[in-house]
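A short write-up of the structure that comes next.
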Amino acid sequence: MPYTPEQFKNVRAYECETEVRYLTALASQVFGGVDAGKTHPGLDPQRLFDVARLNKMLAFLPARAEALPPGCAGLAPKVDQVRLRILALNRRGIVSGAAVSRCLARAEIPHVHFKGPLQQIALYGSYLQKPSGDIDILVHPAHRKQAAELLRELGYDETERAMSLWWTRFLSEIHLRDPESGIVVDLHHGLQQAGLPRPYNLEGFLQRRSELVFEEMTFQVPSPLDRCLLAAISISKAMLAREPALGNVTDMRAALHSLTPADHTALAGHAAQNGMAGTLALAMRAVHSVFPELPRTPALSQAIFPEVSEADLRRMLCTPWIEGLCWPRRRHFLKALCGPGLPRFLRESLRAGLSELSHKAISSWNAGALRQQESKP
């Protein structure tokens, strides 16, 4: 769900640099980096909580009062409450996802679970990193209708019907909700929204899938290399929408951390083959701007957005509410990620334009239909 202006009210007037430094130290600690237990003077507990919440990093905060920085012990009950909510929500999602997987497998529909609790298990070994109310599943476009029908047979109902045409055509997903549990399945038949370059060969993500077994439940998930591409896509989406992305950048670092040396060497070529070289370059620059202690790999350090300083990129990713940031224009953003070659940029620009026009037209038609209905006696 997109962020609302109300969610930024407690941080809008602040740069929150101290809070971001503490959160990045906590993230680095997960990968054996710096010790986050060092004193972080000037931390404001409420702003720390809000910056962590907006960046989907609340579960990285210590749950014990004595482990929190000075002056922040009062956050412990709130952090503990968040952890309990994550446990309940994600556990429910995993069980529901297993049932959906069994249904699709019986119909011999290739699919992969991505994002959500299963991504957290693959990246961190735990599903308690962030709350996820949705199950994201990728199928081939040719299987979209059949997969949706099977979910309806399981009791799921399609949501957001008024905008379903736009969601299906330009965001390549259908939303189906289980009315009993409230769990929503985002059934994807594409991996990138309009306004950003789509990966080549969607079927390859399904063919390269790997198996994840968790508590005797078996799931199909992306390959380690594809996990990196998907994490990079999430960073590009967040940055285009000007949304906080520290959680996404941390996921990218985790995806890189889990690669074998051979996979790490193959990553740049894998991204290029899938048309994701620019998207990966942005993600790698994001990782190094947020975690400057990491050594750079020349093959993965392609220059992108040279006009944006490292400090400003870090702010765009972690505290995008700061005023005065010189964001790349949307067309420049798309062109940089598309890479050299005009045809692809023109195709994706046309798709972005059609998406915007369609969204406005459908929204206007829905509003008119609602007004007409309300005016009836």
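Values for this structure:
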item	result
Output for the stretch 346-377, where each listed residue is among the polar types (S, T, N, Q), open to solvent by less than 100 Å² (accessible area, probe 1.4 Å) and modelled with pLDDT under 80	ASN366, SER375
Flag for ARG91 being closer than 24 Å to VAL20 by Cα and assigned to a helix (DSSP H, G or I)	no
Tally of residues being under 21 Å from VAL139 (Cβ atoms) and buried (at least 19 other Cβ atoms within 10 Å of the Cβ) across the stretch 226-259	7
Residue pairs meeting the criteria (Cβ under 8 Å; at least 6 apart or on separate chains; first more than 18 Å from ALA268 (Cβ to Cβ) and free of Cβ contacts under 8 Å to residues at least 12 places away in the same chain, in the stretch 290-313; second among the acidic types (Asp, Glu) and in a helix (DSSP H, G or I))	none
LEU48, sole failed condition from (1) modelled with pLDDT of 95 or more; (2) surrounded by fewer than 18 Cβ atoms within 10 Å (Cβ to Cβ); (3) part of a helix (DSSP H, G or I)	(2)
Conditions (1) in a helix (DSSP H, G or I); (2) open to solvent by 80 Å² or more (accessible area, probe 1.4 Å): number failed by PRO41	(1)
Scan of the stretch 104-122 for residues that are part of a helix (DSSP H, G or I) and either aliphatic (A, V, I, L, M) or crowded, with 16+ Cβ neighbours inside 10 Å (or both), ordered by number	LEU104, ALA105, GLY116, PRO117, LEU118, GLN119, GLN120, ILE121, ALA122
Residues of the stretch 216-246 satisfying the condition of being on the phi > 0 side of the Ramachandran plot and free of Cβ contacts under 8 Å to residues at least 40 places away in the same chain	GLU216
Segments classed as helices (runs of 4 or more DSSP H), wholly inside the stretch 199-278, with at least 1 members that are within 20 Å of SER132 (Cα to Cα) and out of contact with any His (no Cβ under 6 Å at 6 or more places or on another chain)	224-241, 246-257
Any chance VAL100 is in contact (Cβ under 8 Å) with a residue 24 or more places away in the chain, more than 30 Å from GLU153 (Cα to Cα), out of contact with any Phe, Trp or Tyr (no Cβ under 6 Å at 6 or more places or on another chain) and buried (at least 16 other Cβ atoms within 10 Å of the Cβ)	no
Of all residues making up the stretch 144-170, the number that are surrounded by 14 or more Cβ atoms within 10 Å (Cβ to Cβ), free of Cβ contacts under 8 Å to residues at least 40 places away in the same chain and not polar (S, T, N, Q)	4
Residue list for the stretch 325-339, filter: outside any loop (DSSP other than H, G, I, E, B), open to solvent by 20 Å² or more (accessible area, probe 1.4 Å) and either over 30 Å from ALA13 (Cα atoms) or free of Cβ contacts under 8 Å to residues at least 24 places away in the same chain (or both)	ARG331, HIS332, LYS335, ALA336
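Conditions tested, residue by residue: (1) more than 28 Å from THR24 (Cα to Cα); (2) surrounded by 19 or more Cβ atoms within 10 Å (Cβ to Cβ); (3) touching a helix residue (DSSP H, G or I) at 6+ places or on another chain (Cβ under 7 Å).
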| residue | (1), (2), (3) |
| --- | --- |
| LEU68 | no, yes, yes |
| ALA73 | no, no, yes |
| LEU87 | no, no, no |
| SER132 | no, yes, yes |
| ILE135 | no, yes, yes |
| VAL139 | yes, yes, yes |
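The values are calculated or read from the model by the stated rules, or taken from the named source; none is laboratory data. What you are looking at is a predicted structure, and each value in this text was computed from that prediction instead of being measured. No Cβ is skipped: glycine too gets one built from the backbone with ideal geometry, and neighbour counts run over all protein chains shown. Heads up: the accessible areas ignore ligands, DNA and RNA and are worked out on the full protein's heavy atoms, side chains in. Shrake-Rupley method; radii C 1.70, N 1.55, O 1.52, S 1.80 Å.
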